[in-house]
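Just so you know, all these numbers are worked out from the coordinates, no wet-lab data involved. As the structure is a computational prediction, the values presented were derived from the model and not from experiment. Heads up, the Cβs are rebuilt from the backbone with ideal geometry, glycines too, and the neighbour counts pull from every protein chain shown.
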Amino acid sequence: MIDFIKENYILSLIQENLFKKSLYQIENFLNENDYKSGAYICSCGKWYSILECGLPKYEFKCDNCKNIIGGIDHVPYDREGHFRIFKDKSEEEFVMKWVNDSNWLKKNCNNGKERVFRRKIFSEFKNEIENMNDDIKGIKKCSKDFFIKNKNIRQLNQITIRLIESIIYECFLLNIELEYNNYDEINNFIPENYDYIFDILRECWNCLESELQKIGIMETEIFLNMISYKIGDLKIMKIFLMLKLEMNLKKKLILLLKRI
């Protein structure tokens, strides 16, 4: 199953595009700051800023992909996809004149060659990102906020999307139970800040329940029983009902504890 997922486009689980998320944050940052505050982006799409002079003084690891970012002696770490983004051409020319006049590119260089200062103008970067294809094979780890929010996928309604997501994560759960995969392998596909697949299924239940209530369906269990014959005798239906029972028991337990 893992190999199949990695090599195919998953209908419902649209990927979180960190580049597009970073794009608008970088645009706001550049508009609010001058050249002394630098915007940089990692090859994974996660951006970061360097204040004071806008140029890096030490290296560190990206908190998203763990690759090296930052830099030393005012020059960014040289790696494909890691670069500074300048507001416009004039800002780039001003900063690069400063860098060249200070001979920072010649410090800590290998084999006598000047170091490379990777960079792009924001307009160029924006054009590349806006034309980027969102279709990504497999399932990438995404943020909890992205997983919860409504998604625009091929004109599907949110109820259908949540059902598909639930079925996919139920398959993950069955794979673990049947020992086809271990939890560490599956964990690469689980959104951030979730401890286990049951937590995701519980989230799917809450999202599904909310969407059904918007169209006047107040009993999610009845809805699932009505549609279950159309999509087969899936264990997901039983798990959904079990999760609902668990949540109801927790609510009753909390109320009971409050009375003690």
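Numbers below:
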| item | result |
| --- | --- |
| Of Lys20/Lys66; Lys66/Lys113; Lys97/Lys126; Lys46/Lys214; Lys61/Lys106; Lys57/Lys113, those spanning more than 30 Å from alpha-carbon to alpha-carbon | Lys46/Lys214 |
| Sparsely packed chymotrypsin sites (Phe, Trp or Tyr not before Pro) within the range 28-85, loop by DSSP, other Cβ within 10 Å at most 13 | Tyr58 |
| Rounded to the nearest 20 debye, dipole of the range 18-130 from Cβ charges on Lys, Arg, Asp, Glu | 380 |
| Sequence-separation-based contact order of the range 18-130, relative, with Cα cut under 8 Å and 6+ spacing, percent | 23 |
| Shape of the range 18-130, Cα gyration tensor, a/c cut at 1.5 | oblate |
| For the range 18-130, with +1 on Lys and Arg beta carbons and -1 on Asp and Glu, the positive-most of Ala39, Leu51, Gly70 along the dipole | Gly70 |
